[in-house]
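Below is one structure; the comments refer to it alone.
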There are 2 protein chains.
Amino acid sequence: MTRTVYVNGSYLPETEATVSIFDRGFLMADGVYEVTSVLGGKLIDFGGHAARLERSLSELDMASPVTMAALLEIHRELVRLNNIDEGLIYLQITRGNPGDRDFAFPDPQKTPSTIVLFTQAKPGLADSPAAKKGLRVISIDDIRWGRRDIKTVQLLYPSMGKMMAKKAGVDDAWFVEDGKVTEGTSNNAYIVKGGKIITRDLSSDILHGITRAAVLRFAREAQMEVEERAFTVAEAQGADEAYITSASAFVLPVVEIDGVALGCGTPGPVATRLREIYLDESRKAAV
Amino acid sequence: MTRTVYVNGSYLPETEATVSIFDRGFLMADGVYEVTSVLGGKLIDFGGHAARLERSLSELDMASPVTMAALLEIHRELVRLNNIDEGLIYLQITRGNPGDRDFAFPDPQKTPSTIVLFTQAKPGLADSPAAKKGLRVISIDDIRWGRRDIKTVQLLYPSMGKMMAKKAGVDDAWFVEDGKVTEGTSNNAYIVKGGKIITRDLSSDILHGITRAAVLRFAREAQMEVEERAFTVAEAQGADEAYITSASAFVLPVVEIDGVALGCGTPGPVATRLREIYLDESRKAAV
């Protein structure tokens, strides 16, 4: 089936969806993005993603080509047009096409931002086999730029990290900087020790995960203890369990780090419980 | 005049030059580039740029869609079609359009790389007023990723640096990491003290400038002393002169760093002489 995608005000077949070679997203990675999950045809945590998008744009002095209300309608229309029950909606905004290449930002009055959205159907998204099996990860150096709190399309190194994981025969990689885990290639990282959830505190070192915020809120509401601080790979290897969160993976247990099995080497109860709570609560709040 | 550009085997009007929204250059900054100057209708240092391009591709396990010989012919054809006497040719290769978004690299057998080239006419390129006036720069934190030796399109922070310079009312910014200057936003940085040229040694901290290599070779041939090591902003401010090199700027003197004038605050003799030598020798060797 040919998807219908959205580019700068038009709904069109994916095969016809293009941007200029002069688009700053293509030439300079001058763009930001969001990924929103769809469950039961409804959007998960849309408000959180819209708010983070506005922050990313603001941090980069980039104009939004649409209001957040209009953005919600575009998301819903794409769900409808592509008949998405479970899946993802990807959104990207770039600083547009100034008609030529220059390091200096173009005048936003003359160069409107580019906006692109497309869907990815993922039947079974909420019922991932990885939730039962758990993920195996390796640790790799975190050599990304210093503003990981801005969700930019500078994703080459996360892509390279995924390939390093693939080459090592595991599922994903966790980034390590100055001896401490920052986050996964496209997710936030957590360990659990003695019932306490430990995850890196917010700063420009990591993405401020929308799913992270929700899961920590649910954990605290369930009287679980949460400590927001950095941890080492050795501490993670000695933890009772570990997990990751992201908008598309929700909560997924991690059962092995750099070849060392955590606990019994099977998904832990905290991760399993948090996944259930997150999916239940998010479905209820979906729009 | 509408430029003729090159996209994946076709010469076409710039207004019709597009890439898919699924191109990895657009979605993930998964691409590399080169900029080659044109003087008198001929290519400057083409061999150096082609060699660096091959290295960038190789470091990223990316396939080249063309041979370097074919690339030379495309460059020459674009110069001819656009009647470029002085200007630039921009070249970008990305990991192509796999038809959807995924962090993992696509199979290069199924997803050919994308190749894009376009010209920028710059009459007077070799006779820049900045060569007589000199540049004023500020220093800013270097928060870029750790593989600056690969010439990727992850240029958001260099763009932000240019904007910081603009806001500060100066011409450019020099990046500083761990107290030492790495390089300029789109150029290599040098100081001159007691007749000795000092510039940061090659590593993954900086781009391995093609113009840098040529200028250092010419300097050594002219019996100038060259020391390749990192230097601080304070050392630069106390230098006799400073300058930058890049493929499009050649050699340009720097006369002020963070508000402190260097020497007499006018272009220094070493930078001026090196610019002359570089332009003379490069014109002779142009293809």
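Points to keep in mind about this one:
- Restricting the stretch B:65-89 to residues that are in contact with a helix residue (DSSP H, G or I) (Cβ under 8 Å, 6 or more places away or on another chain) and not aliphatic (A, V, I, L, M), the residue that is surrounded by the fewest Cβ atoms within 10 Å (Cβ to Cβ): B:86
- For the stretch B:246-287, residues that are surrounded by 14 or more Cβ atoms within 10 Å (Cβ to Cβ), in a loop (DSSP other than H, G, I, E, B) and not β-branched (Val, Ile, Thr) total 9.
- Pairs meeting the criteria (first residue in the stretch A:146-167 and more than 7 Å from every other protein chain (Cβ to nearest Cβ) and in contact (Cβ under 8 Å) with a residue 60 or more places away in the chain, second residue open to solvent by 10 Å² or more (accessible area, probe 1.4 Å) and of a type in the set (Lys, Arg), beta carbons under 7 Å, at least 6 apart or on different chains) are A:151/A:52.
- Filtered by the rule that a residue be crowded, with 20+ Cβ neighbours inside 10 Å and aliphatic (A, V, I, L, M), the stretch A:90-109 gives A:91, A:93.
- Unique residue being in contact (Cβ under 8 Å) with a residue 40 or more places away in the chain and farther than 21 Å from residue B:87 by Cβ when the list is B:244, B:257, B:210: B:257
- Qualifying residue in the stretch B:118-131 (condition: facing chain A (nearest Cβ under 9 Å), at negative phi and within 15 Å of the chain's Cα centre (by Cα)): yes
- Of the residues in the stretch A:48-64, at least one is open to solvent by 10 Å² or more (accessible area, probe 1.4 Å), at pLDDT 95 or above and more than 20 Å from the chain's Cα centre (by Cα).
- Verdict on residue A:133 being farther than 26 Å from residue A:32 by Cα, of a type outside the set (Ser, Thr, Tyr) and either touching a residue at least 60 places away in the same chain (Cβ under 8 Å) or assigned by TED's automatic domain parsing to the domain that holds residue A:37 (or both): yes
- Any hit, the stretch A:148-159, residues being more than 17 Å from the chain's Cα centre (by Cα) and over 14 Å from residue A:184 (Cβ atoms): no
- Those residues of the stretch B:106-117 which are under 26 Å from the mean Cα position of the chain (by Cα) and within 12 Å of chain A (Cβ to nearest Cβ), in sequence order: B:114, B:115, B:116, B:117
- If you check A:181, A:176 for being within 14 Å of chain B (Cβ to nearest Cβ), out of contact with any Leu (no Cβ under 6 Å at 6 or more places or on another chain) and more than 25 Å from residue A:284 (Cα to Cα), only one passes: A:176.
- Counting only helices (runs of 4 or more DSSP H) that fall entirely inside the stretch A:129-245 and contain at least 3 residues that are open to solvent by less than 50 Å² (accessible area, probe 1.4 Å) and touching an Asp or Glu at 6+ places or on another chain (Cβ under 7 Å), the qualifying elements are A:156-167, A:210-221.
- Unmet criterion (only one of (1) within 13 Å of another protein chain (Cβ to nearest Cβ); (2) touching a residue at least 40 places away in the same chain (Cβ under 8 Å); (3) over 21 Å from residue B:266 (Cβ atoms)) for residue B:202: (1)
- Subset tally (residues that are open to solvent by less than 20 Å² (accessible area, probe 1.4 Å) and closer than 30 Å to residue B:264 by Cβ) for the stretch B:110-128: 1
- Qualifying helices (runs of 4 or more DSSP H) (wholly inside the stretch B:1-105; at least 2 residues being at the interface with chain A (Cβ under 9 Å from one of its Cβ atoms) and touching a residue at least 12 places away in the same chain (Cβ under 8 Å)): B:24-28
The values are calculated or read from the model by the stated rules, or taken from the named source; none is laboratory data. Keep in mind that this is a model prediction, so the values were computed, not measured. All Cβ positions, even for glycine, are placed from backbone atoms using ideal geometry, and neighbour counts span all protein chains on display. All accessible areas refer to the heavy atoms of the entire protein, side chains included, with ligands and DNA or RNA removed. Shrake-Rupley method; radii C 1.70, N 1.55, O 1.52, S 1.80 Å.
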